[in-house]
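Participant: Let me give you the structure first, and then I'll get to my questions.
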């Protein structure tokens, strides 16, 4: 039981190129089990690319990623999916699945039969639908529900996947203030249940409110890594975003108030 | 806690199967009554039962006609209806565009090219001349498909590469076909007839080679219904859900191309079926492929059966190519879809 | 190096540990179950296809061992004809003409919609003595079966007829495919083949002999011509669609002592007007039944066109419009090919044959030919048919 609760994701010196453009440069991180980790950085800093590497969709040429103690490049996608669940910013719905059809897809890595999900799968889905207040929408088409409900459906699908790590990209992009906070509360609750959350977002304030630690990426490199109140400084905002800002502190919480872009 | 979701789905599947099979049965017997030799519904049914009881041996002219002419034709219509519709549904799922049809990998152009080449060169295979055209069509379709596959893989194996490669290969083969048609003149009259698609010359020798592969390949596709659901999420999300997208797509493209080639080889190009039927099925039963695919099979068989019956009766005694009928029904439907939903798919 | 080593050890331990934690990986079992299902489906399918087709073939080719005439037809099929055919179905206008020329008209029970020669075919179809079996490119199998025929003659050059052969086999109806008739010899072969099957061998031999001698007559008449007339045979004018060297039509031109201006092409090419003008055809033949224009208008439009008018054919009033039977004798590879050769020879060399052929040739084409055996054959057969009814 020595390492129980210790490192769940270890990224060692990962460098990634799209064609010949270096997008990630020597990233080395250790993420603890149950940690709520925030990824911030300007556009093109490599946040999404890093998430895609951890989800096994992209394979870095240099460096190694370990998830749950295993080298990710030695695992099949279906095995990665049993450890990491991804929550994308948006869901595409040309084919208009129903909410329950969609959430059931989260069970894909586990279903043993060729066709139907088992009683157990079904129970898990029903519980999760209920806890996300989606059960009354189960037969509705994805195109017919609000964006807040869509975001919940996305989260529900990831939760149904019973992951140890959840990779969340822009969890609050299209949401109003209430839903933004709601989503973050869900994520926080999950992290309390020992599910590691890695969330990438532009919303520095939102992340610093909820995250245990924050990584700041710029041009594929880690600029800073630590607790929000330590990491987020006026100098750093100026350096990374090129914006003059004031940092306000209220107890444990840190707020960035941007003033004007630097010339 | 309501009714179990899975149980509900199974119930709906059983319902759709029962309804689909019963309408298909009625259409099937109806199609047995049609032809220059007049027969009533019950007459056709009893002829069928009698001749089947005797294992096809009979001297009664009605029974002979039912067994040797109309029965193989009806079975073949069902087989092709199933095959083309399933191929269409799968292509739409993996390309994630509901406006594509199974000919997208260029197989139909390849098949047409094969037929025209064989006729132009005057090739007949000794001993089995009846298989010359189907074989030429099948080889042409396979050639086109392999070229598409090669081009697509060489250009990265992305979804779009398959579509573009298919279009390019299709155009290339079509232009060759046009050249042959211009050079060949009268010799290729028969090829034109084939191009429109017809079931008029189906016999027992052909039925097995169409129906069995079509049905069994469709059943193999059914086994992958869950994966087809996952792929609806898009390539990246499907991978993150644990599906090996690239090899799955390759497998599906191979199966659907085989399926389309078999159908095209014996009955020519039957347009719009593979495009329209999955839509009808989706409107009826939703997008879960475990229900959708069986529905697609049943709707496909029913629709092609109706089209074939129309083709045989509307201008009696002249028989229209069934491809013309499906296109006639399909074009307005497609136009409607394009206007209503087309702008959602602008790349 | 040291750090990496430590991490490595740690992870090795962790790896083992996590394996113990998660012993059930379901990946393998799902695929295996499915693979098994697929293998079973494929095996069943292959078995079904092979037994099904094998049985279909077998039942289709069962014939008694004691039939008198065995022949090999144009599709290389071995066909056994049980007894003298009494109810014959023809699936092509050329075959119908051949049957009537062999005095078998009274045995014909089914012809295509296009069969219109000899003229009594049309009458017999109208009064119900002969039934229609559909088109030439798409004959209807059920109609053939309904006629209870004991011999169906097919054209091996038509794909639908090839399929029909297989279906008729499985219905135990004797079907014989004739050659497409791309050469005169193929036509002779067809005549002999039908004669053999229908028990009219002597008539067939006589017909072939007569045809041969009439063609020889034409050839000996034109053999001393020094400047051979060049011919453009236009099947359509807009665009011009003509015959290449390897076609039946081109052979007729040569037998009549002419030269095909497009002898360097093959098949049925479309050619440009420019190309035609540079090749200077002496004579132009146009098949015009399908054009729907007055023959005089066609000739006038060629005369009024500066390019067409530059050809010797148009300048010397040597454009001939073929209509109806005058067209059919050229297009149907059958017994009347002889008449086509005779007519064309008279068009090309009026001086040799002392005839003047008008520019429009229709059903009355025989007026310009020497009255001979073939017309006699058709008249006798007509009389016989009327007598029979």
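Participant: Just name the residue that is surrounded by the fewest Cβ atoms within 10 Å (Cβ to Cβ) out of those in region C:69-100 that are under 12 Å from residue C:176 (Cα atoms) and modelled with pLDDT of 90 or more.
Facilitator: C:88
Participant: In region B:20-35, which residues are surrounded by fewer than 19 Cβ atoms within 10 Å (Cβ to Cβ) and more than 18 Å from residue B:295 (Cα to Cα)?
Facilitator: Hits for region B:20-35 are B:29, B:30.
One line per residue, one yes/no per condition, for (1) in the same structural domain as residue C:191 (by TED's automatic domain parsing); (2) touching a residue at least 40 places away in the same chain (Cβ under 8 Å); (3) closer than 30 Å to residue C:93 by Cα:
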site	(1), (2), (3)
C:247	no, yes, yes
C:254	no, no, yes
C:261	no, no, yes
C:270	no, no, yes
C:285	no, yes, yes
C:292	no, no, yes
C:297	no, no, yes
C:315	no, no, no
C:329	no, no, yes
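Participant: Confirm whether residue A:178 is at positive phi and out of contact with any strand residue (DSSP E or B) (no Cβ under 7 Å at 6 or more places or on another chain).
Facilitator: When the stated conditions are applied, residue A:178 does not pass them.
Participant: Which numbered condition in (1) surrounded by fewer than 21 Cβ atoms within 10 Å (Cβ to Cβ); (2) at pLDDT 90 or above is the only one that residue A:50 fails?
Facilitator: Looking at each condition in turn, residue A:50 falls short on (1).
Participant: Test residue A:37 against the criterion of being within 13 Å of another protein chain (Cβ to nearest Cβ) and either part of a loop (DSSP other than H, G, I, E, B) or in contact with a strand residue (DSSP E or B) (Cβ under 7 Å, 6 or more places away or on another chain) (or both), and give yes or no.
Facilitator: When the stated conditions are applied, residue A:37 does not pass them.
Participant: Checking the condition free of Cβ contacts under 8 Å to residues at least 40 places away in the same chain, within 14 Å of chain C (Cβ to nearest Cβ) and in contact with a helix residue (DSSP H, G or I) (Cβ under 6 Å, 6 or more places away or on another chain), which residue from B:79, B:114 passes? Write out each step before concluding.
Facilitator: Working: B:79 fails: free of Cβ contacts under 8 Å to residues at least 40 places away in the same chain.
It is B:114.
Participant: So is residue C:239 at pLDDT below 90 and in contact with a strand residue (DSSP E or B) (Cβ under 6 Å, 6 or more places away or on another chain) or not?
Facilitator: Yes: the conditions hold for residue C:239.
Participant: I've got another one for you. Which of (1) within 19 Å of the chain's Cα centre (by Cα); (2) not in a loop (DSSP other than H, G, I, E, B) is the odd one out, the single condition residue A:130 does not satisfy?
Facilitator: That leaves (1) as the condition not met.
Participant: Related question: Among the residues of region B:248-268, write down those that are surrounded by fewer than 24 Cβ atoms within 10 Å (Cβ to Cβ) and either within 12 Å of chain A (Cβ to nearest Cβ) or outside any helix (DSSP H, G or I) (or both).
Facilitator: Residue satisfying the conditions is B:248 alone.
Participant: When you scan region A:81-91, do you find a residue that is within 11 Å of chain B (Cβ to nearest Cβ) and either free of Cβ contacts under 8 Å to residues at least 12 places away in the same chain or under 30 Å from residue B:219 (Cβ atoms) (or both), even just one?
Facilitator: Within region A:81-91, one or more residues are within 11 Å of chain B (Cβ to nearest Cβ) and either free of Cβ contacts under 8 Å to residues at least 12 places away in the same chain or under 30 Å from residue B:219 (Cβ atoms) (or both).
Participant: Return a yes/no flag: does region A:10-19 have any residue that is within 12 Å of another protein chain (Cβ to nearest Cβ) and at pLDDT below 85.
Facilitator: Yes; the residues of region A:10-19 include at least one that is within 12 Å of another protein chain (Cβ to nearest Cβ) and at pLDDT below 85.
Participant: So, one more: Would you mention how many residues in region C:199-245 are in contact with a helix residue (DSSP H, G or I) (Cβ under 7 Å, 6 or more places away or on another chain), under 23 Å from residue C:187 (Cβ atoms) and within 14 Å of chain B (Cβ to nearest Cβ)?
Facilitator: Going through region C:199-245 one residue at a time, the tally reaches 3.
Participant: Can you tell me how many residues in region A:112-125 are surrounded by 16 or more Cβ atoms within 10 Å (Cβ to Cβ) and more than 7 Å from every other protein chain (Cβ to nearest Cβ)?
Facilitator: Here the count works out to 3.
Participant: Please work out which residue is nearest to residue A:161 (Cα to Cα), limiting yourself to region A:49-66 and to residues that are within 10 Å of another protein chain (Cβ to nearest Cβ) and assigned to a strand (DSSP E or B).
Facilitator: Among them, the one singled out is A:66.
Participant: Go through (1) more than 30 Å from residue C:56 (Cβ to Cβ); (2) crowded, with 23+ Cβ neighbours inside 10 Å; (3) at pLDDT below 90 one by one and return the number of the condition residue B:173 breaks.
Facilitator: With respect to (1) more than 30 Å from residue C:56 (Cβ to Cβ); (2) crowded, with 23+ Cβ neighbours inside 10 Å; (3) at pLDDT below 90, residue B:173 is out only on (3).
Participant: Which residues, taken from region B:45-62, are more than 11 Å from chain C (Cβ to nearest Cβ), surrounded by fewer than 23 Cβ atoms within 10 Å (Cβ to Cβ) and in a helix (DSSP H, G or I)?
Facilitator: B:45, B:46, B:48, B:49, B:50, B:51, B:52, B:53
Participant: Does at least one position in region C:175-191 carry a residue that is surrounded by 21 or more Cβ atoms within 10 Å (Cβ to Cβ), in contact with a strand residue (DSSP E or B) (Cβ under 9 Å, 6 or more places away or on another chain) and more than 28 Å from residue B:196 (Cα to Cα)?
Facilitator: yes
Participant: Here's another thing I want to ask about it. Anything in region C:141-156 that is free of Cβ contacts under 8 Å to residues at least 60 places away in the same chain and surrounded by fewer than 23 Cβ atoms within 10 Å (Cβ to Cβ)? List them, or say none.
Facilitator: C:142, C:143, C:146
Participant: Then there's this: Among the residues of region A:139-165, what is the count of those that are within 11 Å of chain B (Cβ to nearest Cβ) and either buried (at least 19 other Cβ atoms within 10 Å of the Cβ) or assigned to a helix (DSSP H, G or I) (or both)?
Facilitator: 8
Participant: Please go through region A:173-187 and pick out each residue that is loosely packed, with under 14 Cβ neighbours inside 10 Å and assigned to a helix (DSSP H, G or I).
Facilitator: Across region A:173-187, the qualifying residues are A:177, A:178, A:185.
Participant: So, in region A:32-44, of the ones that are closer than 19 Å to residue A:232 by Cα and within 16 Å of the chain's Cα centre (by Cα), which residue ends up modelled with the lowest pLDDT?
Facilitator: Looking at residues that are closer than 19 Å to residue A:232 by Cα and within 16 Å of the chain's Cα centre (by Cα), I get A:41.
Participant: Same structure again: What single numbered condition from (1) touching a strand residue (DSSP E or B) at 6+ places or on another chain (Cβ under 9 Å); (2) at pLDDT below 80 fails to hold for residue B:241?
Facilitator: With (1) touching a strand residue (DSSP E or B) at 6+ places or on another chain (Cβ under 9 Å); (2) at pLDDT below 80 applied to residue B:241, the lone miss is (2).
Participant: Can I ask one more? Which count do you get for residues in region B:194-236 that are more than 7 Å from every other protein chain (Cβ to nearest Cβ) and in a loop (DSSP other than H, G, I, E, B)?
Facilitator: So the count comes out to 5.
The values are calculated or read from the model by the stated rules, or taken from the named source; none is laboratory data. What you see is a predicted model, and the numbers here were worked out from it, not measured in a lab. Every residue, glycine as well, gets a Cβ built from its backbone with ideal geometry; the counts of neighbours run over all protein chains shown.
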